[in-house]
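Beneath this line is the structure, given in structure tokens, with notes to follow.
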Amino acid sequence: MPKIAVLPGDGIGPEIVAEAVKVLKTIEEISGVHFEIDEYLVGGVAIDETGNPLPAETLEACLESDAVLLGAVGGPKWDDLPGNLRPEKALLGLRKELQLFSNLRPVKTYDSLISASTLKPEVIQGVDLLVIRELTGGIYFGEKSTEITENGIKVTDSLTYTEKEIERIVRLGFETAMKRRKKLTSVDKANVLESSRVWRKVVEKVAADYPEVELSHMLVDNCAMQLVRYPKQFDVIVTENMFGDILSDEAAMLTGSIGMLPSASIGTEKVAMYEPIHGSAPDIAGQGLANPLATILSVAMMLKYSFNLNQESEQIEQAVQKVLDAGYRTKDLATTESKIVSTKEMGELVIQAMKDE
Ligand code: NAD
Ligand code: IPM
Ligand code: MN
């Protein structure tokens with residue numbers, strides 16, 4: 001029986017994960033597959049209960065599972081803790097320990113949400129792109145230091161990549177592009193960063209194995225602009241850790257809300273992790289306002305990538321589409337015509353739509 005470790009975390013994490021778990025249980029009911037689902041502590045709640053954002057029990061459970069579903073971590077309560085004791089450290093620790101070097105963040109606009117976006121309809125209609133973010137290297141994991149000098153504090157965050165780390169994520173970019181519209185944009189800052197110049201060389205080397213893929217290089221500042229100017233030019237974007245973090249939050253708005261974007265973190269081992277790209281949204285936590293669809297769509301990605309349950313995965317995606325087509329929205333997506341629902345109601349609507357299919 002596939003084992004799923006569920007880590008609700010902080011802020012809106014428990015609210016959105018509760019709906020996603022109900023969707024998993026509905027899949028069990030409908031299709032007869034069974035999952036072993038167990039919840040573990042992570043992030044701020046884990047700090048409060050155990051003093052450690054990533055307790056050994058949680059890490060071990062994740063290492064022994066087939067897939068991990070994570071809500072979100074972090075919040076103002078823990079913001080003054082030192083870096084290695086913060087809730088976010090748990091997420092970074094999980095990515096590193098589970099060796100999840102790639103993070104897939106699909107950005108697809110739904111026709112019924114076109115009016116919910118802050119961007120013009122003709123710009124966003126038909127957008128279907130995928131950000132592939134490197135997830136276990138770069139400035140997130142480089143050496144850090146803080147020292148006192150005659151100029152006050154001197155602080156360093158260093159950015160390191162090995163050729164091997166670049167090559168495996170870039171290769172995934174090409175492989176994925178081959179299965180899509182065969183267009184790959186590699187995003188870097190090669191006009192300034194040495195690491196980006198090596199990144200570009202590696203991309204050029206790997207490109208020789210994929211002559212059918214139309215490759216382009218784009219500087220990250222330009223990419224940030226192009227994403228809102230003409231997003232339909234993109235198919236697959238491959239980029240390093242921090243650029244991918246920032247560009248994917250920006251790209252989320254093409255869909256109308258950051259509450260719509262799921263992600264899959266996949267690595268070298270069998271276990272993969274699935275989570276919405278957004279955070280713990282402390283400003284709306286505990287009020288039933290959070291959009292659970294990014295987490296529900298992350299479950300759809302889990303079924304596809306970890307369990308090869310393609311039909312069940314599509315069933316979830318179709319149910320989401322049906323509910324949106326019927327005009328239901330959580331507040332983040334609401335326009336004057338929409339029927340505003342709570343987090344829980346949105347979860348229930350998706351489940352009902354799955355049962356009706
Ligand atoms: P955030 O993504 O939590 O929130 C940004 C804005 O988007 C807020 O206004 C929030 O209300 C809104 N939002 C986010 N998710 C939403 C949803 N599902 N439905 C409706 N609205 C939603 O980013 P932030 O405010 O910069 O960070 C808050 C905390 O979350 C920080 O502690 C940060 O470190 C953490 N964080 C965690 C993760 C993660 O666990 N994967 C990701 C990003 C940020
Ligand atoms: C994300 C988040 C994380 C990141 C933080 C919480 C460590 O923003 O998953 O996008 O920067 O990777
Ligand atoms: Mn982020």
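Just so it is clear, none of the values below were taken in a lab; they were calculated from the coordinates. This is a predicted model, so every value here is computed, not measured. With ideal geometry, Cβ positions are generated from the backbone for all residues, glycine too; neighbour counts draw on all protein chains shown.
Maximal additional length on extending the SER216-ILE30 stretch stands at 62.6 nm, based on 0.36 nm per residue less the C-alpha distance. In order along the range 338-346, the Karplus-derived 3J(HN,Hα) couplings, from 6.51 cos²θ - 1.76 cosθ + 1.60 at θ = phi - 60°, round to 7, 8, 7, 10, 7, 3, 5, 4, 4 Hz, and Gly and Pro are given as x. Taking 0.36 nm per residue of sequence separation and removing the Cα-Cα distance, the LEU85/THR336 pair yields an extension gain of 86.0 nm.
Counting only DSSP beta bridges with both residues in the chain, the antiparallel share comes to about 40 percent.
What residues from the range 299-328 fall in the zone where the backbone N is under 11 Å from a label point 7 Å along the Cα-to-C-beta line of TYR110? Backbone N within reach: 317-328.
Extension gain, VAL192-GLU39: 0.36 nm per intervening residue step, less the Cα-Cα distance, totals 50.7 nm. Here the contact order of the range 118-255, divided by its residue count and restricted to Cα pairs under 8 Å and six or more residues apart, works out to 38 percent. The GluC sites (Glu not before Pro) of the range 195-252 meeting both criteria, a DSSP state outside H, G, I, E and B (loop) and at most 11 other C-beta atoms within 10 angstrom of the site's C-beta, are GLU212. For VAL238, nonlocal amide neighbours, meaning residues 5 or more places apart or on other chains whose placed amide H falls under 5 Å from its own, are ILE132, THR185, SER186, VAL187. Annotation for the range 8-75 versus the range 277-328: alpha-carbon center distance of 15 Å.
The simple spin-label model puts a point 7 Å past each Cα toward its Cβ; for ALA207 and MET1 those points are separated by 5.1 nm. For the chain, the mean residue ellipticity at 222 nm estimated from helices alone is -12500 deg cm²/dmol, where every DSSP H run of n ≥ 4 contributes -39500 (n - 2.57) and the total is divided by all residues, rounded to the nearest 500. Applying a threshold of 31 Å to the alpha-carbon distances of LYS22/LYS108; LYS120/LYS182; LYS96/LYS355; LYS3/LYS108; LYS3/LYS339 flags LYS96/LYS355; LYS3/LYS339 as lying beyond it. Here the scattering of the range 118-255 is modelled by Debye summation over its C-alpha atoms, one equal scatterer each and no solvent; at q = 0.22 Å⁻¹ the log10 of I(q)/I(0) is -1.33. A straight line joining the Cα centroids of the range 133-175 and the range 218-250 runs 19 Å.
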